[in-house]
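The values are calculated or read from the model by the stated rules, or taken from the named source; none is laboratory data. Only a predicted model underlies this, so the values are computations on that prediction, with no experimental measurement involved. For neighbour counting, all protein chains shown are included, and Cβ atoms are generated from backbone atoms with ideal geometry for every residue, glycine included. Note: accessible area is taken over every heavy atom of the protein model, side chains too, but ligands, DNA and RNA are not part of it. Shrake-Rupley method; radii C 1.70, N 1.55, O 1.52, S 1.80 Å.
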Amino acid sequence: GAGVSQSPSNKVTEKGKDVELRCDPISGHTALYWYRQSLGQGLEFLIYFQGNSAPDKSGLPSDRFSAERTGESVSTLTIQRTQQEDSAVYLCASSLGRDGNYGYTFGSGTRLTVV
Amino acid sequence: KNEVEQSPQNLTAQEGEFITINCSYSVGISALHWLQQHPGGGIVSLFMLSSGKKKHGRLIATINIQEKHSSLHITASHPRDSAVYICAVHKNNDMRFGAGTRLTVKP
(Lines give C-alpha, C1' and ligand atoms only; values in the text may rest on other atoms or scores of the structure.)
Protein backbone atom coordinates (compact mmCIF):
# COMPACT_ATOMS: atom_id res chain seq x y z
CA GLY A 1 0.00 0.00 0.00
CA ALA A 2 0.90 3.67 -0.14
CA GLY A 3 1.51 3.94 3.60
CA VAL A 4 1.84 1.92 6.76
CA SER A 5 -1.57 0.67 7.79
CA GLN A 6 -2.46 -0.28 11.35
CA SER A 7 -5.61 -1.86 12.66
CA PRO A 8 -7.67 -1.45 14.64
CA SER A 9 -7.29 2.29 15.12
CA ASN A 10 -8.88 2.04 18.57
CA LYS A 11 -9.30 -0.93 20.87
CA VAL A 12 -10.95 -1.05 24.27
CA THR A 13 -10.50 -4.31 26.12
CA GLU A 14 -11.12 -5.69 29.56
CA LYS A 15 -8.23 -6.39 31.87
CA GLY A 16 -7.05 -9.95 31.45
CA LYS A 17 -8.13 -10.35 27.84
CA ASP A 18 -5.73 -10.93 24.96
CA VAL A 19 -5.46 -8.42 22.12
CA GLU A 20 -3.89 -8.57 18.69
CA LEU A 21 -2.70 -5.50 16.82
CA ARG A 22 -1.90 -5.53 13.15
CA CYS A 23 0.61 -3.62 11.04
CA ASP A 24 0.74 -3.70 7.26
CA PRO A 25 4.03 -2.09 6.16
CA ILE A 26 4.87 -0.43 2.89
CA SER A 27 5.51 -3.04 0.23
CA GLY A 28 9.24 -3.66 -0.12
CA HIS A 29 10.16 -2.33 3.30
CA THR A 30 12.28 -5.00 4.91
CA ALA A 31 12.53 -3.35 8.33
CA LEU A 32 9.51 -3.14 10.63
CA TYR A 33 9.41 -1.63 14.11
CA TRP A 34 6.84 -1.60 16.88
CA TYR A 35 6.82 1.25 19.41
CA ARG A 36 4.41 2.38 22.07
CA GLN A 37 3.62 5.73 23.55
CA SER A 38 1.95 5.81 26.93
CA LEU A 39 -0.09 8.86 27.90
CA GLY A 40 2.21 11.80 28.48
CA GLN A 41 5.29 9.68 27.83
CA GLY A 42 7.81 9.46 25.04
CA LEU A 43 8.07 6.75 22.46
CA GLU A 44 9.36 3.38 23.59
CA PHE A 45 10.93 0.77 21.31
CA LEU A 46 9.34 -2.69 21.51
CA ILE A 47 10.56 -4.97 18.73
CA TYR A 48 12.33 -4.87 15.37
CA PHE A 49 12.06 -7.17 12.36
CA GLN A 50 14.53 -7.17 9.48
CA GLY A 51 13.72 -9.45 6.58
CA ASN A 52 13.90 -13.10 7.59
CA SER A 53 16.40 -12.50 10.41
CA ALA A 54 15.56 -13.28 14.01
CA PRO A 55 13.72 -10.28 15.48
CA ASP A 56 15.24 -7.99 18.09
CA LYS A 57 12.85 -8.42 21.02
CA SER A 58 14.93 -6.48 23.51
CA GLY A 59 12.28 -3.79 24.02
CA LEU A 60 9.36 -6.03 24.89
CA PRO A 61 8.35 -5.12 28.46
CA SER A 62 7.22 -8.57 29.56
CA ASP A 63 6.60 -12.10 28.34
CA ARG A 64 2.94 -11.19 27.85
CA PHE A 65 4.06 -9.34 24.73
CA SER A 66 4.93 -11.14 21.53
CA ALA A 67 5.08 -10.25 17.86
CA GLU A 68 5.29 -12.10 14.61
CA ARG A 69 6.08 -11.21 11.05
CA THR A 70 6.09 -13.56 8.12
CA GLY A 71 8.78 -12.58 5.65
CA GLU A 72 8.43 -8.93 4.72
CA SER A 73 4.69 -8.74 5.12
CA VAL A 74 2.16 -8.08 7.84
CA SER A 75 3.16 -8.10 11.48
CA THR A 76 0.98 -8.77 14.49
CA LEU A 77 1.69 -7.65 18.05
CA THR A 78 -0.08 -9.76 20.66
CA ILE A 79 -0.57 -8.77 24.27
CA GLN A 80 -1.79 -11.55 26.53
CA ARG A 81 -3.66 -11.03 29.78
CA THR A 82 -3.75 -7.27 29.29
CA GLN A 83 -3.13 -4.98 32.22
CA GLN A 84 -4.13 -1.36 32.68
CA GLU A 85 -0.51 -0.25 32.29
CA ASP A 86 -0.61 -1.66 28.76
CA SER A 87 -2.91 1.22 27.77
CA ALA A 88 -0.99 3.23 25.18
CA VAL A 89 -0.80 4.08 21.53
CA TYR A 90 1.02 1.31 19.69
CA LEU A 91 2.85 2.56 16.63
CA CYS A 92 4.33 0.62 13.76
CA ALA A 93 6.96 1.95 11.38
CA SER A 94 8.65 0.48 8.36
CA SER A 95 11.82 1.28 6.48
CA LEU A 96 13.68 0.12 3.41
CA GLY A 97 16.62 -1.16 5.42
CA ARG A 98 18.36 -1.40 8.72
CA ASP A 99 20.66 0.87 10.68
CA GLY A 100 18.36 3.83 10.33
CA ASN A 101 19.98 5.00 7.13
CA TYR A 102 16.67 5.04 5.35
CA GLY A 103 13.64 7.11 6.10
CA TYR A 104 10.91 5.77 8.31
CA THR A 105 7.20 5.77 7.66
CA PHE A 106 4.95 5.54 10.67
CA GLY A 107 1.45 4.15 10.80
CA SER A 108 -1.30 6.12 12.49
CA GLY A 109 -1.21 3.84 15.51
CA THR A 110 -3.61 1.72 17.54
CA ARG A 111 -4.93 3.36 20.69
CA LEU A 112 -5.33 0.57 23.25
CA THR A 113 -7.36 1.17 26.38
CA VAL A 114 -7.49 -1.54 29.03
CA VAL A 115 -10.39 -1.09 31.43
CA LYS B 1 20.29 10.78 32.41
CA ASN B 2 18.41 10.12 29.18
CA GLU B 3 20.49 9.11 26.21
CA VAL B 4 18.67 11.73 24.12
CA GLU B 5 18.02 15.17 25.55
CA GLN B 6 15.91 17.78 23.85
CA SER B 7 15.50 21.45 24.61
CA PRO B 8 13.37 23.32 25.16
CA GLN B 9 10.56 21.08 26.40
CA ASN B 10 7.97 23.68 25.49
CA LEU B 11 8.24 26.58 23.08
CA THR B 12 5.72 29.28 22.23
CA ALA B 13 6.41 31.56 19.32
CA GLN B 14 4.66 34.23 17.30
CA GLU B 15 3.91 33.56 13.67
CA GLY B 16 6.90 34.43 11.52
CA GLU B 17 9.54 33.81 14.17
CA PHE B 18 12.63 31.66 13.60
CA ILE B 19 12.49 28.51 15.71
CA THR B 20 15.36 26.34 16.93
CA ILE B 21 14.97 23.02 18.73
CA ASN B 22 18.06 21.29 20.04
CA CYS B 23 18.94 17.64 20.55
CA SER B 24 21.97 16.21 22.33
CA TYR B 25 22.75 12.53 22.59
CA SER B 26 25.28 10.50 24.51
CA VAL B 27 25.53 7.28 22.53
CA GLY B 28 27.14 6.28 19.26
CA ILE B 29 24.58 6.41 16.51
CA SER B 30 24.20 5.47 12.88
CA ALA B 31 21.56 8.08 12.12
CA LEU B 32 19.42 10.76 13.73
CA HIS B 33 15.80 11.44 12.91
CA TRP B 34 13.56 14.41 13.48
CA LEU B 35 9.92 13.46 13.81
CA GLN B 36 6.78 15.59 13.97
CA GLN B 37 3.76 14.48 15.96
CA HIS B 38 0.54 16.37 15.54
CA PRO B 39 -2.37 16.41 18.00
CA GLY B 40 -4.18 13.15 17.41
CA GLY B 41 -0.89 11.27 17.44
CA GLY B 42 0.12 10.90 13.80
CA ILE B 43 3.89 10.86 13.37
CA VAL B 44 5.71 12.11 10.32
CA SER B 45 9.39 11.61 9.69
CA LEU B 46 10.86 14.99 8.76
CA PHE B 47 14.55 14.28 8.35
CA MET B 48 17.06 11.50 8.62
CA LEU B 49 20.63 12.72 9.12
CA SER B 50 23.97 11.06 9.46
CA SER B 51 26.08 14.15 8.75
CA GLY B 52 25.88 17.77 7.71
CA LYS B 53 22.67 19.57 6.94
CA LYS B 54 19.38 18.97 5.20
CA LYS B 55 16.70 21.42 4.10
CA HIS B 56 13.09 20.86 3.16
CA GLY B 57 10.97 23.91 2.59
CA ARG B 58 11.06 26.02 5.74
CA LEU B 59 12.70 23.25 7.77
CA ILE B 60 16.44 22.86 8.21
CA ALA B 61 18.17 20.14 10.21
CA THR B 62 21.84 20.04 11.11
CA ILE B 63 23.98 17.52 12.91
CA ASN B 64 27.45 17.69 14.43
CA ILE B 65 28.63 14.14 14.94
CA GLN B 66 31.73 15.12 16.95
CA GLU B 67 29.67 17.18 19.39
CA LYS B 68 26.75 14.68 19.38
CA HIS B 69 24.30 17.49 18.73
CA SER B 70 21.57 18.24 16.23
CA SER B 71 19.30 21.21 15.68
CA LEU B 72 15.99 21.58 13.90
CA HIS B 73 15.21 25.05 12.60
CA ILE B 74 11.90 26.37 11.32
CA THR B 75 12.00 29.61 9.37
CA ALA B 76 8.96 31.91 9.07
CA SER B 77 7.00 29.78 11.55
CA HIS B 78 3.27 29.32 11.04
CA PRO B 79 0.48 28.14 13.35
CA ARG B 80 0.27 24.91 11.36
CA ASP B 81 3.81 24.14 12.55
CA SER B 82 2.36 23.65 16.04
CA ALA B 83 3.19 20.07 17.01
CA VAL B 84 5.53 18.00 19.12
CA TYR B 85 8.95 17.62 17.54
CA ILE B 86 10.85 14.51 18.53
CA CYS B 87 14.53 13.75 18.10
CA ALA B 88 15.34 10.07 17.71
CA VAL B 89 18.75 8.46 17.39
CA HIS B 90 19.24 5.14 15.72
CA LYS B 91 21.50 2.82 17.67
CA ASN B 92 21.93 -0.75 16.53
CA ASN B 93 18.47 -2.07 15.77
CA ASP B 94 16.36 0.40 17.65
CA MET B 95 15.71 4.06 18.12
CA ARG B 96 16.07 6.03 21.32
CA PHE B 97 13.72 8.95 21.57
CA GLY B 98 13.93 12.34 23.15
CA ALA B 99 11.00 13.47 25.25
CA GLY B 100 9.89 15.89 22.54
CA THR B 101 9.52 19.64 22.23
CA ARG B 102 5.98 20.98 22.20
CA LEU B 103 5.87 23.93 19.82
CA THR B 104 2.95 26.34 19.74
CA VAL B 105 2.97 29.04 17.10
CA LYS B 106 0.46 31.81 17.73
CA PRO B 107 -1.03 33.87 14.91
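Counting only protein heavy atoms and a probe of 1.4 Å, the accessible surface of the protein assembly as shown is 45% carbon and sulfur. Beta bridges from DSSP with both residues in chain B: antiparallel share about 90 percent, rounded to the nearest 5. Placing +1 on the Cβ of every Lys and Arg and -1 on the Cβ of every Asp and Glu, with nothing else charged, gives chain B a dipole about its Cα centre of roughly 140 debye. At the residue level, A:THR70 shows approximately 110 square angstrom of accessible surface with a 1.4 angstrom probe and all protein chains present. With all protein chains in place and ligands, DNA and RNA left out, the 1.4 Å accessible area ranks A:ASP18, B:ASP81 as A:ASP18, B:ASP81, largest first. In this structure B:LYS68 has an accessible area near 70 Å², from a 1.4 Å probe over the protein heavy atoms. Rounded to the nearest 20 debye, the dipole size of chain A about its Cα centre is 180 debye, using +1 on the Cβ of Lys and Arg and -1 on the Cβ of Asp and Glu.
Packing around the peptides B:97-105, B:22-30, taken as the average count of other Cβ atoms within 10 Å per residue, puts them in this order, highest first: B:97-105, B:22-30. Peptide B:30-37 is shielded by partner chain Cβ atoms: per residue, an average of 3 of them sit within 10 Å of its Cβ. Projected over all directions and averaged, the alpha-carbon convex hull of segment B:26-69 occupies 3.8 nm².
Once you order the gyration tensor axes a ≥ b ≥ c over the Cα atoms, which shape class does segment B:49-107 get: rounded for a/c under 1.5, otherwise prolate or oblate by comparing a/b with b/c? Oblate shape, in that a/c is at least 1.5 and b/c is the bigger or equal ratio. Mean per-residue shielding of peptide B:99-107 is 1, counting Cβ atoms of other chains within 10 Å of each Cβ.
If Rh is defined by the Kirkwood formula over all Cα pairs and Rg also comes from Cα, what ratio Rg/Rh do you get for the protein assembly as shown? Checking Rg against Rh, the ratio lands at 0.97. Beyond 26 Å in Cα-Cα separation lie the following of the pairs A:LYS57/B:LYS53; B:LYS53/B:LYS91; B:LYS53/B:LYS106; B:LYS55/B:LYS91; A:LYS15/A:LYS57: A:LYS57/B:LYS53; B:LYS53/B:LYS106.
Taking the inverse of the mean 1/r over every pair of distinct Cα atoms in chain B gives a Kirkwood hydrodynamic radius of 13.7 Å.
A DSSP coil position with no more than 10 other Cβ atoms inside 10 Å describes the following GluC sites (Glu not before Pro) in segment B:1-81: B:GLU67. With a 1.4 angstrom probe, the accessible area lost at the A-B interface totals about 1500 Å². Kindly provide log₁₀ I(q)/I(0) values, in the same order as q = 0.15, 0.21 Å⁻¹, from the Debye equation applied to equal alpha-carbon scatterers of chain A. So the normalised log intensities work out to -0.59, -1.14. In a simple Cβ point-charge model (Lys, Arg +1; Asp, Glu -1; nothing else charged), the protein assembly as shown has a dipole of about 280 debye relative to its Cα centre. Out of A:LEU46, A:LEU91, A:LEU32, whose Cα points farthest toward the positive end of the dipole of chain A (charges: +1 Lys, Arg; -1 Asp, Glu; placed on Cβ)? With unit charges placed on the Cβ atoms, the residue in question is A:LEU91.
Rolling a 1.4 Å probe over the protein chains gives B:LYS53 an accessible area of about 140 Å².
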